[in-house]
Amino acid sequence: MKSNNPLVYLLKKITWPVGLIITAVVISSLGSLSGLLVPLFTGQMVDKFTLSSINPWFIGALIVVFLLNALLSGIGYYLLNKIGEKMIYAIRSVLWQHIIHLKMPFFDQNESGQLMSRLTDDTKVINDFISQKLPNLLPSVITLIGSFVMLFILDWQMTLMTFITIPLFVIVMIPLGRIMQKISKNTQSEIAEFSGLLGRVLTEMRLVKVSNTEKLELEKAHENLSEIYRLGLKQAKIAAVIQPISGIIMLATIGIILGFGGLRIASGAISAGTLVAMIFYVLNLSMPLINLSTLITDYKKAVGASSRIDEILHEPLERITVPDVNNSIVTGDLVFDRVDFGYDAQPVLQDVSLRIKPGAVTAFVGPSGSGKSTIFSLIERMYDVSHGDITYGGTSIYNLSLTDWRRKIGYVMQSNAMMNGSIRDNILYGIDCEVSDEELMHYARLAHCHDFIMAFDQGYDTLVGERGLKLSGGQRQRIDIARSFVKNPDILLLDEATANLDSESERKIQEALETLMMNRTTIVIAHRLSTIKKAEQIIFLDQGRVTGVGRHETLMKTHEKYQQFVETQSLTQQNQ
């Protein structure tokens, strides 16, 4: 459920630097108070110019007040901005920590570009408010109240005349603030859409170019950019209304003071110095009034920007069970007990029950879309089952520490995910123990990738590029296998897709996998007949249901669909 005020909810989730806030408030308050003495001293100096000779002590005191005001204001401004930066750092940290622990369905439904926009663009709007506008609030209020008090002390009748313009200012600002909040929310949504489009296109630029869809993607981007431009103009119009109104009100106030003040001087009620001081105090009001007026609109913008962040912060996190240091996960059978699962109410697995023995090879076979990859995702706890349970060694995997559970699992996948960095970084990615260069090379040799790595000028420090694009498919897969060797998992998930590889790469990968599979619980989505024949157990999936379990010879005799599948998929033609 979303909060009534998403910005307040967000600020409640972070730790405030209380000591720093108190120090900054005291110093900035003293700076504002010292600033209130400047017009008073200036007025007195005007009177002294006309009535008697200048006192050097008075001039010295005026200079000290000026310098003290500048010093305190500068230090206070820095400290208040430091508070703002600390808070926005905390907000970004909280948001990123939350996003990285969200469940996989969230990432299935949200583009990475949009999420990046929420982390950077939305938090920038909030940052501008917290680190730039909010620090001016207290000094502005002190200056505003202090200036009014001093004006009342100097001449209360003339001060009352200046109040005529204040209600007009408030009447204009409140509706404009509401409009600004709505525009800001729409602007941030459009920027997120644009960032999503950029992320999508830049990630798949090869597809864009080979499909000749540059013009189409440009048109989509222009739609977003046009809407951002239109909303930006709306914000500019509101700002264009606020700034002149603030100026007109200020000029009207000064005009009232000069006109009415001239009459007061003529009647002898006040001196010329008092009038000069009052004009300075009115000018003192201008900046705080502008700050407070834009504060309202910037606050509304920050609330608008934080509403989507608020939605993300209310998304459910993965169930990370705290590990029991006294009990490690006991190796045993991996059991699916009447499991149902679907994506967005679209059923994928129905009433799936199976048992995977430890230390053996279990192969999943079946038509495309039958749920084989979904089984892997459930084992990794990327998704929660809709019904039923998955147990390991008699304990539900959902009651095990998520960190410890995933540490037990190695996954060699079709996509061979790579992080932008060196080959060394990718092989050791997620490894939480020290690995020497000798060990690293040993595992790389087992994965048949040491030779091609050393053929690069930079060796293990060679950069792989975004998503490993500088490497061939076979090279990426062997680095993936090397990572699993280093991880040394108890359970190996293997998607044995090698159809797009040349025969030499396929042979080396197969040799590496056979070494990796030794003495491990191996669960494989099998594409080659040789693997299927070696499997101690074959599970045939069809439309989300288990329709056959057994060895190859048994299923060929008893399972008609398995027999047809083996023949029609031309598995007999693959390496045996």
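The values are calculated or read from the model by the stated rules, or taken from the named source; none is laboratory data. Please read all numbers here as calculations on a predicted model, not as lab measurements. Glycine also receives a Cβ, built like all others from the backbone with ideal geometry; neighbour counts cover every protein chain displayed.
A few points about this structure:
- Any hit, the range 431-449, residues being under 18 Å from R520 (Cβ atoms), at pLDDT below 85 and within 32 Å of the chain's Cα centre (by Cα): yes
- Among the candidates V276, V303, V282, the residue that is under 33 Å from the mean Cα position of the chain (by Cα), among the hydrophobic types (A, V, I, L, M, F, W, C) and assigned to a helix (DSSP H, G or I) is uniquely V303.
- Residue-level check: of (1) modelled with pLDDT under 80; (2) closer than 22 Å to I88 by Cα; (3) crowded, with 17+ Cβ neighbours inside 10 Å, S112 misses just (3).
- Qualifying residue in the range 526-544 (condition: in contact with a Pro (Cβ under 7 Å, 6 or more places away or on another chain), assigned by TED's automatic domain parsing to the domain that holds V365 and within 21 Å of L378 (Cβ to Cβ)): yes
- Test: residue in the range 241-250 that is surrounded by 14 or more Cβ atoms within 10 Å (Cβ to Cβ), modelled with pLDDT of 80 or more and either in contact with a strand residue (DSSP E or B) (Cβ under 8 Å, 6 or more places away or on another chain) or outside any loop (DSSP other than H, G, I, E, B) (or both): no
Quick grid of which residues meet (1) surrounded by 14 or more Cβ atoms within 10 Å (Cβ to Cβ); (2) in contact with a helix residue (DSSP H, G or I) (Cβ under 6 Å, 6 or more places away or on another chain); (3) at pLDDT 90 or above:
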position: L334; (1), (2), (3): yes, no, yes
position: D340; (1), (2), (3): yes, no, yes
position: S353; (1), (2), (3): no, no, yes
position: S370; (1), (2), (3): yes, no, no
position: S386; (1), (2), (3): yes, no, no
position: I390; (1), (2), (3): yes, yes, yes
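- Checking S368, S401, S373, S377 one by one, the residue that is more than 27 Å from E514 (Cβ to Cβ) and assigned by TED's automatic domain parsing to the domain that holds V566 is S401 and no other.
- Test: M45 is surrounded by 16 or more Cβ atoms within 10 Å (Cβ to Cβ), modelled with pLDDT of 80 or more and in a helix (DSSP H, G or I): no
- Positions within the range 376-392 being without any contact (Cβ under 8 Å) to a residue 60 or more places away in the chain and in a helix (DSSP H, G or I), in sequence order: L378
- Among (1) surrounded by fewer than 15 Cβ atoms within 10 Å (Cβ to Cβ); (2) in contact with a Ser or Thr (Cβ under 8 Å, 6 or more places away or on another chain), the one test that E214 misses: (2)
- When the range 395-440 is limited to residues that are small (G, A, S) and part of a loop (DSSP other than H, G, I, E, B), the one that is surrounded by the fewest Cβ atoms within 10 Å (Cβ to Cβ) turns out to be S436.
- When residues of the range 458-487 are limited to those that are surrounded by fewer than 21 Cβ atoms within 10 Å (Cβ to Cβ) and among the acidic types (D, E), the one farthest from E511 (Cα to Cα): E466
- Of the residues making up the range 174-194, one or more are in the same structural domain as L283 (by TED's automatic domain parsing) and closer than 28 Å to S29 by Cα.
- Checklist (1) exposed (fewer than 15 other Cβ atoms within 10 Å of the Cβ); (2) closer than 19 Å to T515 by Cα applied to A455, failing item: (2)
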